[in-house]
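This report concerns only the one structure given below.
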Amino acid sequence: MNGQRPPHDDDWSVPETVVMDNLRAALAEGRPGVVATISAVEGSAYRRPGAKMLVDDEQGVGSITAGCLEDEVVSLAEEVLASGEPRLERFDLTDDEEWGLGLGCNGVIDLLLEPLDDRFARLAQRYADGEDGLALAVTDPGDSDLSVGDRADAPDGDLSTVDRLPAWLVDGLADRAADLYDRGKSVTLTVDGPDGEVRVFVDPVLAPPELYVFGSGNDAKPVSELAAKADFRVTVVAFRGGRADPEAFPGADRVVSASAPRVAEELEFDADTYAVVMSHNFVDDRMAVESLLETPTPYIGLMGPDSRFERLRNDLADADRPLTDADLDRLYAPIGLDLGGGAPYQIATSIVSEVLAVHNGRQPRHLRERKSPIHGRLEAE
C-alpha cells in the first residue's frame with residue numbers, strides 16, 4: 001500500500017453496494033486490503049455502526065465519517081496490512097485538544113480494522129447473490145483466548161452454522177443477535193465468558209433493496225442513477241419495443257425487456273422490492289400496475305397526474321379488478337414527495353426520496369421537527 005492515496009470524492013460517496021462489490025473483486029483478484037468498519041458509536045456521528053470502508057492497493061472506497069477521519073484510516077490501514085493483525089481504534093471527536101478541528105460529529109467512534117482475507121469471502125458472495133448474512137467479530141477479547149478480529153458469519157442469521165467461534169460465545173449472543181438481525185441493526189454486545197467479559201460486534205449484512213424502473217424514456221435515467229447512489233439494486237425494464245440498452249442507463253445494475261401484463265411472472269419480487277412505473281404509455285402502465293398488484297412489493301409508484309390515475313382506476317374497475325384498500329395503500333400516485341421542483345433531477349429526487357421513506361418506514365418531514373436522533377440508536381452495551 002505504498003503511496004496509498006486517500007479516497008477521491010467519488011470513492012468516498014459510493015453506496016455500500018459498491019464497497020461490497022469492490023471487496024469481493026479484491027478477494028477474487030488476490031489484492032491485499034483492509035476493511036474498516038464502525039463497530040460502536042457514543043453520541044453523534046455521520047455514519048452509524050456497520051458503515052464500511054475498503055482500503056486496498058488501488059483505492060480507498062467508502063466512508064466512515066463525513067471526511068474527517070478517512071485520511072487517518074488510510075494510514076492505520078497501512079499499519080494493519082504490514083502487521084497482518086486486526087485492531088480496534090477509538091476516535092473521540094469530542095476532544096478538541098486532540099483533533100482541534102471543530103468537528104460536527106461530536107461523538108466517540110470505535111473502528112475495527114481487519115486485513116481483507118478469505119473470512120470475508122462467503123459474506124461478500126452472498127451479498128452479491130442478493131442473500132442476507134450476519135457477521136460476528138470480536139472487538140475486545142478480555143482475558144479469553146480469543147483475539148481482536150476473530151470473525152465468523154452466519155447465512156440468513158442462523159447462528160447454528162457458526163463454527164469459528166467457541167460455543168459459549170455463540171450461545172451468549174444467540175437471542176440478542178437474532179433480534180438485531182431481524183431489525184437490521186449493527187451493535188457491539190458484551191458476553192460473559194469463562195474468563196470474563198468479551199465484546200463482539202454483531203453486524204447484519206443485508207442484501208440491498210431492489211428497485212424496478214418500468215420505462216426506458218429519458219426521465220428514467222436520473223431516477224435509476226439516484227436510486228443506485230441511494231443503495232438500491234436498480235433494474236430498468238423496457239416494455240414492448242422500448243430500448244433495453246444498458247449504455248443508456250449507466251447507473252442501473254441491469255437493463256431488461258419484459259411484457260407489461262406479465263411482469264409479475266417474468267421478474268422476481270419480494271417484500272424488499274420496489275416499483276416505479278413511468279413508461280408514459282397508459283396501456284402499458286395499467287397492465288404493469290395490475291400485474292404488480294399480484295406481487296408482494298410494498299411500493300408501486302405511478303408517474304402522472306391525478307386524472308391519469310383516476311382513469312387507470314376506472315379502467316381496472318370496468319375490467320372487474322377494482323382497487324381494494326390494501327391496493328391503494330401500496331399505490332403512490334402521483335408518485336414522489338412534494339418538494340416543489342420540476343427539473344428532471346428534481347423530479348427524480350422526489351421519487352427516490354419517497355421510495356427511501358417507504359423502505360425505511362419513515363413519514364417524511366423536516367428533521368428540525370424531529371425530537372429524537374436522526375438515526376435509530378442501539379447503544380453499545
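The values are calculated or read from the model by the stated rules, or taken from the named source; none is laboratory data. Just so you know, these numbers come straight off a predicted model, no measurement behind them. Cβ: placed from backbone, ideal geometry, glycine included. Neighbour counts: every protein chain shown.
The sole residue among 230, 252, 238 that is of a type in the set (Gly, Ala, Ser) and in contact with a Leu (Cβ under 7 Å, 6 or more places away or on another chain) is 230. Of the residues 237, 223, 255, 289, the single one that is within 21 Å of residue 331 (Cβ to Cβ) and either assigned to a strand (DSSP E or B) or among the small types (Gly, Ala, Ser) (or both) is 237. Count of the stretch 333-357 residues, restricted to those that are crowded, with 20+ Cβ neighbours inside 10 Å and touching a strand residue (DSSP E or B) at 6+ places or on another chain (Cβ under 8 Å), is 6. For the stretch 164-195, a residue qualifies if it is in contact with a Ser or Thr (Cβ under 7 Å, 6 or more places away or on another chain), in a strand (DSSP E or B) and free of Cβ contacts under 8 Å to residues at least 60 places away in the same chain, and exactly one does: 193. Of the residues 77, 26, 45, 40, the single one that is assigned to a strand (DSSP E or B), of a type in the set (Gly, Ala, Ser) and in contact (Cβ under 8 Å) with a residue 60 or more places away in the chain is 40.
For residue 222, the criteria (1) over 25 Å from residue 133 (Cα atoms); (2) surrounded by 20 or more Cβ atoms within 10 Å (Cβ to Cβ); (3) modelled with pLDDT of 95 or more hold in every case but one, which is (2). Screening the stretch 154-182 for residues that are over 22 Å from residue 197 (Cβ atoms) and surrounded by fewer than 16 Cβ atoms within 10 Å (Cβ to Cβ) and picking the one that is modelled with the lowest pLDDT gives 163.
Of all residues in the stretch 317-347, those that are over 20 Å from residue 297 (Cα atoms) and part of a helix (DSSP H, G or I) total 6.
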